[in-house]
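The values are calculated or read from the model by the stated rules, or taken from the named source; none is laboratory data. Model, not experiment: these values are computed from the prediction. With ideal geometry, Cβ positions are generated from the backbone for all residues, glycine too; neighbour counts draw on all protein chains shown. When the accessible area is computed, the model is the full protein with side chains, heavy atoms only, and any ligands, DNA or RNA have been set aside. Shrake-Rupley method; radii C 1.70, N 1.55, O 1.52, S 1.80 Å.
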Amino acid sequence: MVLAGTCIRLTAAVRLGSRDIPYTIRSLATATVASSSHESSSKHEQQRRHASCRKMSGWQIHSYGAPEEEIQFSEGIKMPILKSPTQLLVKVKASSVNPIDVAMINGYGASVLNAMRCKDGGIEFPLILGRDFCGEIVQKGLGISSRELEVGDEVWGVVPVHLQGCHADYVAVEKYCLFKKPANLNKIDASAVLYAGLTAWSGLYVTGHLGDLLGAISPVGGGAGKKVLVLGAAGGVGTLVVQMLLAERVDVFATCSPDAIQMVRNLGVSHVLDYTDPTHVQNLASVGRFDIVLDCAGKGTDYANEVPWKFDQYITFNSPVLKNIDKDGFAAGMIQNAASLVRSNTAALSTRSGLVKWGYFVPAPQGIAYLQRLVEKGRLLPVVEKVFPYANTAEAYERVAQKHLRGKIVIDYE
C-alpha cells in the first residue's frame, strides 16, 4: 500500500558526489571547463570540438502541420550561442515531449509566439521544440558565479515557449530557468518534471492563490486543509498536481478513465472517480464546495457551467487566448477573450458557483525551487509512460499526439 504523498519507484538512481572543476576564460562572455582527469578532459575536448564547428543535431519543423509529417531530424543545425552574461549552454541528456509541443506544430499560438520570438532576434522557422530537459552545463556567461552554477554541473531546466527548444544536442537558457538536478532523481525522471510541474504549480499558487500571496512569490507552497478536485489526474500535469496537493495536506478528489484509477490511487489519492460513469457528477456534487476545481483534462471554461458542483474557483489550462488571437488577430482576439471570460464568470456566479479562471505554464524560479524541495523530500516523482531513444523522437511526438497519456513521454539522448 502506498501512503499518501509518498513516491515509490522500482528503479535505482545514482548520487553523484560533488567535485570542483576549474575553468578557463574562453572569451569576455563565457567560461568553459578545463578538467585535469583524462576521461573528463577527453569528453570536454570532444564537446569543445563540436562547439568549435558550431553544428549540432536536433529535431525541427519547417512549417506548421501534422506532427508525423513536419518533425524532421537534422545534423547541420547551428549551435545556440550565449547572448547574455546570464545565459548557459547545456548538453542535453534527456527531455520530455509535452502536449504543447504537438500543439505548436499544429500552429497553436503562432501569431503571438512568433512575434515574441522575432522580438528577441529569433526566426519563425526552422523551429526546435521541447520545453524541459536534464543535462550538463558546458558553457556559462560570466555573470554567473561559481556559487550558483558551474561548468560540469548536472542540471534540470525549462525553456520558455517562445524560444528555440531543447530537442537537440544543446540548448541555451537563462539562469532563472536552470537549477542543479536533484541528486535523488535520475536523468529520465528529472527531464519529466518541470514543464508539467510548473504548469501545475502556477495553476494552484499563481492563478488559484492556494497558498495566498506567499505561495505565489516564494517556494513555500501551502493549502493545508483545503479541498481540491482534479479533473484528468492521470496525465502529465495531473499525476504531478495530485502529489503536490497531498504533500501540502490538501483533501484531494480526482477523476480519470477507468483503466487509470488504480495508478492514481497508487499516488496516494483516496477519492478517485471514473469520469466515464455518469454518476460521478452527482457523487462529486454531494461532497460539498471545493476550494478549487482544477481542469487538467482540457474541459475548458464552459464545462464549469455544465456540472452542478460548487466551487470557489474553477481553473482550466485549456485557455482560448492564443487560439482567438491566431484566428482573429490581436485586437479582435483579445476582445473575444475578455468576452469569453466575462460570459463564463457571469454564468458561474448566477448559479452561486465561484470564479472561472485560466491557468498557464509560468517558468518562475520560485516554482522550480518549490518542485525541487518536494522532489528532494521524496514527495514528488513523475510517472513516465514510455522512454524513446533520441533517434525515435518522431515516434515520441506521435504518441503524445494520440492523447490519453499515463504520465510523461521522455526522450533519452544517450
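The table below gives the values:
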{"item": "Contacts under 6 angstrom Cβ, first residue in the range 175-193 being over 13 Å from L371 (Cα atoms), partner part of a helix (DSSP H, G or I), 6 or more apart", "result": "Y176/P365"}
{"item": "Hits in the range 298-326 (condition: charged (D, E, K, R) and touching a Ser or Thr at 6+ places or on another chain (Cβ under 9 Å))", "result": "K299, D302, K310, D312, D326"}
{"item": "Flag for A348 being at pLDDT 95 or above and part of a helix (DSSP H, G or I)", "result": "no"}
{"item": "Hits in the range 119-174 - residues which are of a type in the set (D, E, K, R), farther than 21 Å from Y413 by Cβ and open to solvent by less than 30 Å² (accessible area, probe 1.4 Å)", "result": "E150"}
{"item": "Where V237 falls short, out of the listed (1) surrounded by fewer than 20 Cβ atoms within 10 Å (Cβ to Cβ); (2) assigned to a helix (DSSP H, G or I); (3) among the aliphatic types (A, V, I, L, M)", "result": "(1)"}
{"item": "Candidate set: the range 86-110, residues that are part of a helix (DSSP H, G or I) and not charged (D, E, K, R); chosen: the one most open to solvent (accessible area, probe 1.4 Å)", "result": "P99"}
{"item": "Index of the failed condition, D326 passing every other in (1) open to solvent by less than 40 Å² (accessible area, probe 1.4 Å); (2) of a type outside the set (S, T, N, Q); (3) in a helix (DSSP H, G or I); (4) in contact (Cβ under 8 Å) with a residue 60 or more places away in the chain", "result": "(1)"}
{"item": "Failed item, numbered, when L3 is tested on (1) modelled with pLDDT of 50 or more; (2) closer than 30 Å to Q243 by Cβ; (3) among the hydrophobic types (A, V, I, L, M, F, W, C)", "result": "(1)"}
{"item": "Qualifying positions in the range 156-188 - assigned to a strand (DSSP E or B) and of a type in the set (G, A, S)", "result": "G157, A168, A172"}
{"item": "The lone exception for V342 - which of (1) farther than 25 Å from G58 by Cβ; (2) out of contact with any strand residue (DSSP E or B) (no Cβ under 9 Å at 6 or more places or on another chain); (3) open to solvent by less than 50 Å² (accessible area, probe 1.4 Å) it fails", "result": "(3)"}
{"item": "The range 348-381, residues that are of a type outside the set (S, T, Y), open to solvent by 40 Å² or more (accessible area, probe 1.4 Å) and free of Cβ contacts under 8 Å to residues at least 60 places away in the same chain", "result": "L349, R352, L355"}
{"item": "Qualifying residue in the range 16-39 (condition: under 30 Å from T239 (Cβ atoms) and modelled with pLDDT under 95)", "result": "yes"}
{"item": "Qualifying positions in the range 389-414 - closer than 24 Å to G238 by Cβ and either acidic (D, E) or part of a strand (DSSP E or B) (or both)", "result": "E395, E398, G407, K408, I409, V410, I411, D412"}
{"item": "Among (1) in contact with a Lys or Arg (Cβ under 7 Å, 6 or more places away or on another chain); (2) part of a helix (DSSP H, G or I) - the single one G135 does not satisfy", "result": "(2)"}
{"item": "Residue check, E414 touching a strand residue (DSSP E or B) at 6+ places or on another chain (Cβ under 8 Å) and either open to solvent by less than 30 Å² (accessible area, probe 1.4 Å) or farther than 30 Å from R265 by Cβ (or both)", "result": "yes"}
{"item": "Boolean, V384 is buried (at least 17 other Cβ atoms within 10 Å of the Cβ), within 18 Å of the chain's Cα centre (by Cα), within 24 Å of G300 (Cβ to Cβ) and aliphatic (A, V, I, L, M)", "result": "no"}
{"item": "Residue in the range 222-233 that is touching a Phe, Trp or Tyr at 6+ places or on another chain (Cβ under 6 Å) and not polar (S, T, N, Q) present", "result": "yes"}
{"item": "Residues located in the range 56-85, provided they are open to solvent by less than 50 Å² (accessible area, probe 1.4 Å) and among the hydroxyl-bearing types (S, T, Y)", "result": "S57, S63, S74, S84"}
{"item": "Count of residues meeting criterion [more than 19 Å from L240 (Cβ to Cβ) and not polar (S, T, N, Q)] in the range 372-395", "result": "6"}
{"item": "Hits in the range 139-190 - residues which are farther than 24 Å from P382 by Cβ and of a type in the set (D, E)", "result": "E148, E150"}
{"item": "Scope the range 283-324; condition among the aliphatic types (A, V, I, L, M) and within 23 Å of the chain's Cα centre (by Cα); matching residues", "result": "I292, V293, L294, A297, I315, V321, L322"}
{"item": "Residues of the range 186-227 that turn out to be within 24 Å of V155 (Cβ to Cβ) and crowded, with 24+ Cβ neighbours inside 10 Å, as a count", "result": "15"}
{"item": "Condition check for A200: farther than 15 Å from P80 by Cβ and small (G, A, S)", "result": "yes"}
